[in-house]
1. Quick check on region 1-33: of everything there that is touching a residue at least 60 places away in the same chain (Cβ under 8 Å) and touching a Ser or Thr at 6+ places or on another chain (Cβ under 7 Å), which residue is surrounded by the fewest Cβ atoms within 10 Å (Cβ to Cβ)?
2. For region 478-516, what are the residues that are within 15 Å of G465 (Cα to Cα), within 16 Å of ligand 2 (Cβ to nearest atom) and touching a Gly at 6+ places or on another chain (Cβ under 9 Å)?
3. Could you grab the pairs with beta carbons closer than 8 Å, sequence gap of 6+ or different chains, first residue in region 343-354 and in contact (Cβ under 8 Å) with a residue 12 or more places away in the chain and within 11 Å of ligand 1 (Cβ to nearest atom), second one among the β-branched types (V, I, T) and assigned to a strand (DSSP E or B)?
4. Any residue at all in region 397-412 that's in a helix (DSSP H, G or I), within 16 Å of ligand 3 (Cβ to nearest atom) and surrounded by 16 or more Cβ atoms within 10 Å (Cβ to Cβ)?
5. I need every pair where a residue in region 387-402 that is without any contact (Cβ under 8 Å) to a residue 40 or more places away in the chain and within 25 Å of S367 (Cβ to Cβ) has its Cβ under 7 Å from the Cβ of a residue that is within 16 Å of ligand 1 (Cβ to nearest atom) and of a type outside the set (K, R), sequence separation at least 6 or different chains.
6. Considering every residue within region 487-508, establish whether at least one is within 12 Å of ligand 1 (Cβ to nearest atom) and either in contact with a Ser or Thr (Cβ under 8 Å, 6 or more places away or on another chain) or among the polar types (S, T, N, Q) (or both).
7. Select from region 358-367 the residues that are within 11 Å of ligand 1 (Cβ to nearest atom) and in contact with a helix residue (DSSP H, G or I) (Cβ under 9 Å, 6 or more places away or on another chain) and list them in ascending order.
8. Go through region 310-341 and count every residue that is farther than 19 Å from I399 by Cβ, within 16 Å of ligand 1 (Cβ to nearest atom) and part of a helix (DSSP H, G or I).
Amino acid sequence: MNEIRTILHELQIDPYILYDAIVKSTDDYVYLVDMTLDVSLVSENMLQDFDIPGRIVPGLVPLWGELVLEKDKVRYFKSIEQMLEGITDEHNVEYQIRNRKNEYVWVHCRGFLKRDDEGKPILFAGVVTNLGDKGKVDHVTGLFMQTECEKQVQLILNQPSRNEQSGILLLGLDDFTRINDLNNHIFGNLVLRQFAQEIQQVLPDDAVIYRLDGDQFAILYENTSRQMIDDLYQKIHAYCNRQHKADGTLYFCTASAGIVMIGEDSDNYLDLIKYATCALEASKHKGKNSCTFFTKNLIKSKLRSLEIADNLQTSVLNNFEGFYQLYQPLASSKALKIDGAEALLRWHNEKFGEVSPVEFIPILESSGLIVTVGKWILEHAVKTCRKWIAYSPDFIMNINISYLQMLHNDFVPFVKKTLDDNGLDPKHIVLEMTESYFVTDMIALKDTFRELRDMNIKIAMDDFGTGYSSLGLLAQLPADIIKIDRIFISALKDIAFNRSFIGSVIELCHSVGITVCIEGVEDSDELKIVLNLGADSIQGFYFSKPISESDFVQRYFNS
Ligand code: C2E
Ligand code: CA
Ligand code: CA
């Protein structure tokens, strides 16, 4: 110590030169606090990146503390307090702090307190390392990554006696590839960053969020319970189910989740993540935007999905073996006459028997097989319709389309060719697409919709009321028909809201030239109400369940 002091003295180094050389040789932020005057000197990069008033700052410690993320403040101030109380001379904490871009970044803050002979603090100096620059933090989101998550989980697993529960909430953004496909990666990254930053604000003190791969995040929640983790998901859910804006673009992005309890579900990090992923996938299969706790049964259903995917693939390769269509009649409300049908896909398999489309369509979609099967669906429905117009010249066939099909460049030419090959006038088909894709994909699908409508093909928005669109948006949608989802009908008799909701939707649609179909009408009471509300067409078990081609012909055309 004395030796160094002597050398520095002999070298007669100007403290300014010394300071300048040190600051210039590091990317870290450097600070010096004169504890007697409570005035600090901070490096130029620190002033550039953080909201502090100048290089020379009075009262830096509380000012800096203000920028620290709310839930990390305790940690930061506790370390300062311990120094002031003389418990330690060392400051060594990691926390998140808000930079000038209003984003929270992870930093590692180290410093040392020098005291005079009486123990009174005179100088506090140190460096703040931006962990993002050290490869520990993900640049896109500003969060710690997988390795850090594993380290922390391992620490919990290594505690000899764990009294408190800890869990992992694995989050996956729903349809994130769609956000990327429809916009670009830069926009996708912006969405990820916004999500990460916003979720941090709702996290309780004992929870930390990490970025895993792609659109997946893990929240490690210590000293918690199943209920508390579920409550946390509900908060995130509420945040997600709003319209968001990034770079001037409006978007929707919900999140699904899977939950595992550390120790209870497994004592092994890799298994915990595997199980959480399994629970997350279950949430996605249930229709996304929901949360599932891991149970051993989920492994079984995952195996089932994988096996079904394999068998679907084999069916497709074997000339669509096992696939067939049923047709559900659509009645016009004027004469209650059947003048159309919706083609509904079915799949029968030797091992699994009859599998519901609610189960196998999402598997076709996630495996990409829907594009090939979608062509088969279209061809079959068009062929059937071509036959049926011989019985009923104005007959219309509704065909369900997945958004993945529409994203393919050859979709419109394929529809055109199929109609041409079968000599069917385009006015005889309606393409149905689920509501949730309308709003978010409207810009990307705009050209496809326009080309289809230019060909005189009508477009129906399916399952209205289950997605994001608001009444205000209806007028702008490129749809000719709105199909109101059956969830509204099932409660129609009891809830006045549903009646006035459906009534207003119908009124609004009519005012902009959109016709309305009501799905899921099961009995004559419901029919009466729906007719009174002014719907244009009706579909539901009241008329018929989906039936085979021959039954349809026999029932409706053999009079
Ligand atoms: P969706 O397009 O909303 O089809 C209507 C579903 O509601 C059908 O179920 C139909 O059987 C059922 N439904 C109709 N009326 C009533 C009623 O009065 N009461 C009740 N409880 N249900 C009624 P399904 O055939 O099981 O199809 C389920 C979903 O699978 C379809 O919902 C659609 O999203 C999808 N899907 C079916 N076929 C295809 C297809 O060819 N392509 C695509 N992409 N999706 C399809
Ligand atoms: Ca449909
Ligand atoms: Ca529907």
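1. The qualifying residue surrounded by the fewest Cβ atoms within 10 Å (Cβ to Cβ) is L32.
2. I484, D485, R486, I487, F488, I489, V516
3. Every condition considered, the pairs that remain are A343/I399; W347/V355.
4. yes
5. I401/G374; I401/L431; I401/E432; I401/M433
6. Within region 487-508, one or more residues are within 12 Å of ligand 1 (Cβ to nearest atom) and either in contact with a Ser or Thr (Cβ under 8 Å, 6 or more places away or on another chain) or among the polar types (S, T, N, Q) (or both).
7. Scanning region 358-367 gives E359, F360, I361, P362, L364, E365.
8. Qualifying residue count, region 310-341: 2.
The values are calculated or read from the model by the stated rules, or taken from the named source; none is laboratory data. Because the structure is predicted, anything quoted here is derived from the model rather than measured. No Cβ is skipped: glycine too gets one built from the backbone with ideal geometry, and neighbour counts run over all protein chains shown. For accessibility, only protein heavy atoms count, side chains too; no ligands or nucleic acids. Shrake-Rupley method; radii C 1.70, N 1.55, O 1.52, S 1.80 Å.
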